[in-house]
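Accompanying notes for the structure given below.
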Amino acid sequence: MYDELNKETWLLFAIRNYINSSSHTYEEFEEDLNRFKYIKRLFKRYETTDELKPQLILNHMTMLFNVFGDAAVPLLFYKTDVVHHGILKAFLLYLGELPAELNNNIDNKCLNLLDPLMK
C-alpha cells in the first residue's frame, strides 16, 4: 500500500479516504491537507534546530487520523521526507498507529522526548 502512492495518486487516495462529515467545502479539505505540510515543517525544524514540538505534532496527527482514519499512515509516509521517517515512526508508535512491519529504524532521541508524555 505504501509503495503505490505517487504524485498522481496521493491526492486521489486522500479524497477517497476523507471522512470529515463536518467538512462541506474543498477549502476545508485543503485545510486538513495542510496538516501534512505543517508536520513536515516541524520535523525539518527538529532536524535543524533540535527543537521538538511534540504536542503540536501530536495535535496535527490526531486531526489527520480523525479525518483520514487508517489511511493517514500511508499519507504521512508519502508526504514525509525519507530522512524523517524515523521521527514519524516514533510519533506513530507513541499513538499506537505504527504498523508492525515498520517497527524498525525509529528515532530513539525523539522517542525519548516523547517518553515523558506517556506517563
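The values are calculated or read from the model by the stated rules, or taken from the named source; none is laboratory data. Quantities reported herein were computed from a predicted structural model and do not represent experimental measurements. All Cβ positions, even for glycine, are placed from backbone atoms using ideal geometry, and neighbour counts span all protein chains on display.
Before we move on, is residue 46 hydroxyl-bearing (Ser, Thr, Tyr) and under 21 Å from residue 82 (Cα atoms)?
Values: hydroxyl-bearing (Ser, Thr, Tyr): yes; under 21 Å from residue 82 (Cα atoms): yes.
Yes: the conditions hold for residue 46.
Can you name every residue in the range 1-15 that is surrounded by fewer than 10 Cβ atoms within 10 Å (Cβ to Cβ) and either part of a loop (DSSP other than H, G, I, E, B) or modelled with pLDDT of 95 or more (or both)?
Of everything in the range 1-15, those that are surrounded by fewer than 10 Cβ atoms within 10 Å (Cβ to Cβ) and either part of a loop (DSSP other than H, G, I, E, B) or modelled with pLDDT of 95 or more (or both) turn out to be 6, 7, 8.
How about the range 86-119: which of its residues are more than 21 Å from residue 70 (Cβ to Cβ) and touching a Leu at 6+ places or on another chain (Cβ under 6 Å)?
Correct list: 113 only.
Of the residues 18, 38, which is among the hydroxyl-bearing types (Ser, Thr, Tyr), at negative phi and assigned to a helix (DSSP H, G or I)? If you could, list the steps in order and put the result at the bottom.
Details: 18 fails: assigned to a helix (DSSP H, G or I).
Result: 38 is the single residue among 18, 38 that is among the hydroxyl-bearing types (Ser, Thr, Tyr), at negative phi and assigned to a helix (DSSP H, G or I).
Going through the range 21-35 one residue at a time, which ones are part of a helix (DSSP H, G or I) and either more than 16 Å from the chain's Cα centre (by Cα) or among the hydrophobic types (A, V, I, L, M, F, W, C) (or both)? Lay out the reasoning, then the answer.
Within the range 21-35, the subset part of a helix (DSSP H, G or I) is 26-35.
26, 27, 28, 29, 33 - these are the residues of the range 21-35 that are part of a helix (DSSP H, G or I) and either more than 16 Å from the chain's Cα centre (by Cα) or among the hydrophobic types (A, V, I, L, M, F, W, C) (or both).
Could you say whether any residue in the range 95-115 is of a type in the set (Val, Ile, Thr) and in a helix (DSSP H, G or I)? Spell out how you get there, then give the answer.
Of the range 95-115, the ones of a type in the set (Val, Ile, Thr) are 106.
Narrowing further to those that are in a helix (DSSP H, G or I): none.
No: zero hits.
Check the range 43-64 and report whether any residue there is buried (at least 17 other Cβ atoms within 10 Å of the Cβ), outside any helix (DSSP H, G or I) and among the β-branched types (Val, Ile, Thr). Walk me through it before giving the result.
Step one: of the range 43-64, the residues buried (at least 17 other Cβ atoms within 10 Å of the Cβ) are 43, 46, 52, 54, 57, 60-61, 64.
Now drop any that are not outside any helix (DSSP H, G or I), which leaves 52.
Next, from what is left, pick out any that are among the β-branched types (Val, Ile, Thr): none.
Within the range 43-64, not a single residue is buried (at least 17 other Cβ atoms within 10 Å of the Cβ), outside any helix (DSSP H, G or I) and among the β-branched types (Val, Ile, Thr).
Pairs needed: first member in the range 91-102, under 18 Å from residue 40 (Cβ atoms); second member anywhere, part of a loop (DSSP other than H, G, I, E, B); C-beta distance under 7 Å; at least 6 residues apart or different chains.
Between residues of the range 91-102 that are under 18 Å from residue 40 (Cβ atoms) and residues that are part of a loop (DSSP other than H, G, I, E, B), the close pairs are 92/98.
Which condition number in (1) free of Cβ contacts under 8 Å to residues at least 60 places away in the same chain; (2) touching a Lys or Arg at 6+ places or on another chain (Cβ under 7 Å) is the one that residue 41 fails?
Of everything listed in (1) free of Cβ contacts under 8 Å to residues at least 60 places away in the same chain; (2) touching a Lys or Arg at 6+ places or on another chain (Cβ under 7 Å), residue 41 misses just condition (2).
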